[in-house]
Amino acid sequence: MHRWKYLGEQRLSLTAAKLMLKEPIFTKTTEIMLPTPLHWRRQLQRGFNQSEDLLRALCSLQPTLALTPPKTIRLSRRKATKAQARATRRERLANLDGAFSVHGDVRGHCVGIVDDVCTTVATGNAMASTLLAAGAAEVHLYCLARTPPR
């Protein structure tokens, strides 16, 4: 995970997607799949968005996932938050208050969000709240890895 996310070894995205697809986690009701967005500064610094690469790899391996989203629907991170990796649950929640916005019409749709790592699920909850406030009927979070509780 570290090599993929922090050392820019994007070739590992396909391996990550293969691992993720070993388990039947995706619901048939999910109509729109979105990657967890990075703030533009973090993406510029890192050189890529690992969740976006993971979703692209998932779609290449499982074509039914590729039926999602039109380019007009996306999530963006409008607030540059501190790195979440070493933050406590309380710090994560405070970091993410008002951090996301929805572009496009998600009203009535079941939306899936792809993320690389879930620790406290604070990021997933913040994105889900934003999507539900924009009218999404359901939101599902699909993570490659889950960190053990501290």
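Looking only at the range 104-129, filter to residues that are farther than 18 Å from E23 by Cβ and in contact with a Gly (Cβ under 9 Å, 6 or more places away or on another chain); which one of those is surrounded by the most Cβ atoms within 10 Å (Cβ to Cβ)?
Among them, the one singled out is V106.
Just checking, does the range 1-12 include any residue being loosely packed, with under 11 Cβ neighbours inside 10 Å, of a type in the set (A, V, I, L, M) and at pLDDT below 80?
Yes, the conditions are met somewhere in the range 1-12.
Condition first: in contact with a strand residue (DSSP E or B) (Cβ under 9 Å, 6 or more places away or on another chain) and modelled with pLDDT under 70. Now tell me which residues in the range 68-83 satisfy that.
Once the filter is applied, which keeps residues that are in contact with a strand residue (DSSP E or B) (Cβ under 9 Å, 6 or more places away or on another chain) and modelled with pLDDT under 70, the range 68-83 yields T68, P69, P70.
Within the range 1-58, track down each residue that is touching a Lys or Arg at 6+ places or on another chain (Cβ under 9 Å) and of a type in the set (S, T, Y).
Scanning the range 1-58 gives Y6, S13, T36.
In the range 32-51, which residue that is buried (at least 18 other Cβ atoms within 10 Å of the Cβ) and more than 15 Å from R3 (Cα to Cα) is farthest from the chain's Cα centre (by Cα)?
I32
Just to be sure before I move on: is L14 in contact with a helix residue (DSSP H, G or I) (Cβ under 7 Å, 6 or more places away or on another chain) and either part of a helix (DSSP H, G or I) or more than 18 Å from V111 (Cβ to Cβ) (or both) in the structure I sent?
yes
I need every pair where a residue in the range 45-60 that is closer than 19 Å to T123 by Cα and free of Cβ contacts under 8 Å to residues at least 40 places away in the same chain has its Cβ under 7 Å from the Cβ of a residue that is surrounded by 14 or more Cβ atoms within 10 Å (Cβ to Cβ) and hydrophobic (A, V, I, L, M, F, W, C), sequence separation at least 6 or different chains.
Once the first residue is closer than 19 Å to T123 by Cα and free of Cβ contacts under 8 Å to residues at least 40 places away in the same chain and sits in the range 45-60, its partners that are surrounded by 14 or more Cβ atoms within 10 Å (Cβ to Cβ) and hydrophobic (A, V, I, L, M, F, W, C) give N49/L38.
Just to be sure, is G135 under 25 Å from F26 (Cβ atoms), of a type in the set (G, A, S) and at pLDDT 80 or above?
yes
So which residues in the range 92-145 are part of a strand (DSSP E or B), more than 13 Å from the chain's Cα centre (by Cα) and not hydrophobic (A, V, I, L, M, F, W, C)?
S101, H103, E138
The values are calculated or read from the model by the stated rules, or taken from the named source; none is laboratory data. No experiment lies behind these values; they were computed from the predicted model shown. Because the Cβ atoms are built from the backbone with ideal geometry, glycine has one as well, and the counts that use them run over all protein chains shown.
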